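The values are calculated or read from the model by the stated rules, or taken from the named source; none is laboratory data. This structure is a prediction, so every number in the text was calculated from the model and none was measured. FYI the Cβ positions are ideal-geometry reconstructions off the backbone, even for glycines, and counts take in every protein chain you see. In case anyone asks, the SASA skips ligands and DNA or RNA and just uses the protein heavy atoms, side chains included. Shrake-Rupley method; radii C 1.70, N 1.55, O 1.52, S 1.80 Å.
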Amino acid sequence: MLATIRTKMGDTTKSASHETFVGSIDQGTTSTRFLIFNRHGEVIASHQIEFKQFYPHPGWHEHDPLEIISSVEQCIDGAVKDLETQGHASANIKAVGITNQRETTVVWNHETGEPLYRAIVWTDTRTQALIRKLKHRLGSDQLQQLCGLPLSTYPSVGKLLWLLENEPKVKEAYDKGVLAFGTIDAWLVYKLNGGPKKNVFVSDPTNASRTMFMNLKTLDYDESLIDFFRLDQAKIHLPKITRSSDPEAYGRLELSMLKGTPITGCLGDQSAALVGQKGFTPGLAKNTYGTGCFLLYNVGEKPVFSTHGLLGTVAYDFGEGKRMYALEGSIAVAGSSVKFLVDNFGFVESSSKISQLAATVEDNGGCVFVTAFSGLFAPYWIDDARGTIYGITAYTQRGHIARATLEATCFQTKAILDAMEKDSGAKLAELAVDGGMSNSDLTMQTQADLIQIPVRRPQMRETTALGAAIAAGLAVGVWDSIEELKDINVEGSTVFKPQLHEAKSKEMFERWEKAVQMSKGWSS
Ligand code: ADP
């Protein structure tokens with residue numbers, strides 16, 4: 001059953017007007033949201049639904065693709081009803097943008113639109129053995145120079161190869177030439193347009209770059225990549241890669257109360273957050289603390305291929321001359337570690353209470369928690385590490401574990417920033433943050449202390465959804481240019497300045513690095 005967890009109403013004193021709005025579908029790992037923004041980037045109405053997570057075996061993580069679609073439809077309807085209650089006409093929503101969890105892999109029958117398996121979620125590690133084999137294949141060391149990603153369980157390709165090897169229905173569809181493969185954005189666009197009837201089958205480069213099939217320079221599929229994975233392109237339907245902001249390519253909604261509204265923007269969630277934080281200039285960076293945590297650093301109009309464990313990725317593609325690349329540091333487990341303490345151990349009743357528990361102690365009491373539930377991602381890329389707590393003594397309280405859990409994400413962010421400095425040769429002046437876990441003041445202060453630069457948190461933290469709205473709004477003239485967006489969402493931000501002595505910060509980080517080394521090799 002779907003559980004509606006929040007419906008937010010805007011300012012009901014506003015009178016009916018001809019104000020222009022943009023809708024934003026934010027399809028995340030644990031919940032779906034639909035937000036309606038005005039031209040000032042303010043949220044006028046929103047609706048959020050949590051959907052079911054499937055964990056059929058240790059390391060496996062799946063979603064029901066049809067439940068995702070119905071959650072989107074319900075969220076749109078919920079938010080639109082609110083908008084109308086406030087006296088606004090839904091016809092004033094000029095366009096809808098999509099942002100989504102990346103890498104999560106959906107396969108369906110191209111002729112019927114029926115999913116052939118549950119969506120395999122980006123955190124899933126079932127492909128560990130398969131990836132290990134691929135790493136030994138001739139040419140594996142060339143992949144990152146083409147697509148920006150190293151071989152790991154994280155990108156979509158391994159999930160697709162696993163399905164072909166293990167799911168007869170998927171293999172059969174492939175052999176018959178009716179297998180459609182897409183990331184969540186492609187699946188949403190296809191289904192929201194009504195499925196096989198219109199067959200709108202597209203993906204944007206920020207999503208397509210997460211499959212390992214796309215060449216980062218050409219922003220198109222690369223035959224040598226597809227050949228490396230021994231896939232026959234004639235047998236598989238891949239979505240056409242189109243720019244992230246486009247008035248035509250993404251079609252129109254067939255479902256929901258917004259039937260007929262054009263979809264004109266599409267960005268993977270982390271790119272959307274960078275856009276929502278207005279990271280349009282090279283040298284700007286944002287860090288989003290959601291289920292996982294993702295730091296994106298705008299590197300300009302040419303891709304940078306990392307040599308220090310980061311990913312090269314597309315920041316956004318708003319058309320000729322408005323295409324930016326990013327270096328990315330991905331952390332697999334962030335807010336999900338907090339949820340783990342809540343759901344599995346009952347430490348506190350909800351994630352929002354974790355800081356209170358952590359504040360009952362002065363420090364981590366000597367505990368370091370390497371939250372490697374799905375291995376460690378950037379900059380370490382240790383597939384065979386698993387979650388481990390070091391330094392437990394008879395003195396250890398739940399508060400220490402809570403603190404160590406929050407610190408784990410901050411330590412990994414520090415490691416990513418160090419790698420980013422080495423790759424780019426530049427030092428970041430300030431870090432913009434957002435995402436659920438950024439609500440924790442204690443975590444954000446810890447972050448500033450560990451990276452020794454200020455951390456800026458905007459008042460309106462739905463930056464991921466705002467980014468997709470910006471992509472959609474730019475395509476239909478709600479905003480004419482990026483310059484016009486500079487005053488959006490700047491008021492009321494909180495800045496956390498480093499307070500911890502640098503030497504102490506360094507010492508804490510060294511202990512973390514020691515713990516990371518010790519966590520290697522647990523799951524072989
Ligand atoms: P996503 O978009 O990946 O689903 P969100 O940005 O909604 O994620 O963030 C949800 C995550 O943030 C959850 O895993 C939750 O545990 C964590 N979270 C939410 N509020 C807090 C808080 N106040 N302190 C710490 N973690 C939090």
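For VAL314, nonlocal amide neighbours, meaning residues 5 or more places apart or on other chains whose placed amide H falls under 5 Å from its own, are ALA326. In the chain, helices alone account for a calculated mean residue ellipticity at 222 nm of -9500 deg cm²/dmol, with every DSSP H run of four or more residues adding -39,500 (n - 2.57).
The candidates HIS136, HIS400, arranged from most to least accessible area with a 1.4 Å probe in the full protein assembly, appear as HIS136, HIS400.
How much length is gained if the chain between LYS427 and LYS486 is pulled fully straight, taking 0.36 nm per residue apart and subtracting their Cα-Cα distance, in nm to one decimal?
Working: separation 59, 0.36 × 59 = 21.24 nm, distance 2.33 nm.
Once the chain is fully extended between LYS427 and LYS486, it gains 18.9 nm.
Backbone amide hydrogens, once placed in the peptide plane, bring LEU116 within less than 5 Å of VAL107, TRP108, ASN109, excluding anything fewer than 5 places away on its chain.
Output the relative contact order of the chain, whole-number percent, from Cα pairs under 8 angstrom with separation of 6+ residues.
Values: 1234 pairs, mean separation 75.6, N = 524.
With pairs under 8 Å counted, the relative contact order is 14 percent.
Residues whose amide H falls under 5 Å from that of THR261, counting only those 5 or more places apart or on a different chain, are LEU253, with hydrogens built in the peptide plane.
Only protein heavy atoms count here; under a 1.4 Å probe, LYS497 has an accessible surface of about 130 Å². At the residue level, LYS422 shows approximately 130 square angstrom of accessible surface with a 1.4 angstrom probe and all protein chains present.
Using a 1.4 Å probe and counting only protein heavy atoms, arrange ARG398, ARG230, ARG210, ARG39 so the residue with the most accessible area comes first. Please list the in-between numbers first.
Working: ARG398 120, ARG230 165, ARG210 0, ARG39 95 Å².
Correct descending sequence by accessible area is ARG230, ARG398, ARG39, ARG210.
Across the stretch 144-161, computed HN-Hα scalar couplings (Karplus, 6.51 cos²θ - 1.76 cosθ + 1.60, θ = phi - 60°) run 4, 5, 9, 10, x, 10, x, 5, 7, 6, 6, x, 5, 4, x, 5, 5, 5 Hz from first to last residue, x flagging Gly and Pro.
Ranking LEU406, LEU442 from most to least accessible surface, computed with a 1.4 Å probe over the protein chains only, gives LEU442, LEU406. Among 314-321, 369-376, sorting by the average number of other beta carbon atoms lying within 10 angstrom of each residue, highest first, gives 369-376, 314-321. If you sort the three axes of the alpha carbon gyration tensor as a ≥ b ≥ c, you get a/c of 1.5 or more for the stretch 335-489 and a/b above b/c, which makes it prolate.
Phi angles of the stretch 40-47 translate, via the Karplus equation with coefficients 6.51, -1.76, 1.60 and θ = phi - 60°, into HN-Hα couplings of 8, x, 8, 7, 8, 7, 7, 8 Hz per residue; Gly and Pro are given as x. Convert each backbone phi in the stretch 318-326 into a coupling constant with the Karplus relation 6.51 cos²θ - 1.76 cosθ + 1.60 (shift: θ = phi - 60°), then list the ³J(HN,Hα) values in order as whole Hz, x for Gly and Pro. Residue by residue, the stretch 318-326 yields 9, x, 3, x, 10, 10, 10, 10, 9 Hz. Roll a 1.4 Å probe over the protein chains and send me the accessible area per residue for the chain in Å². Value for the chain: 38 Å² per residue. For the stretch 96-184, applying the loop criterion from DSSP together with a ceiling of 15 other beta carbons within 10 Å to the GluC sites (Glu not before Pro) yields GLU111.
The trypsin sites (Lys or Arg not before Pro) of the stretch 83-170 that meet both conditions, a loop assignment by DSSP and at most 16 other Cβ atoms within 10 Å of the site Cβ, are ARG137.
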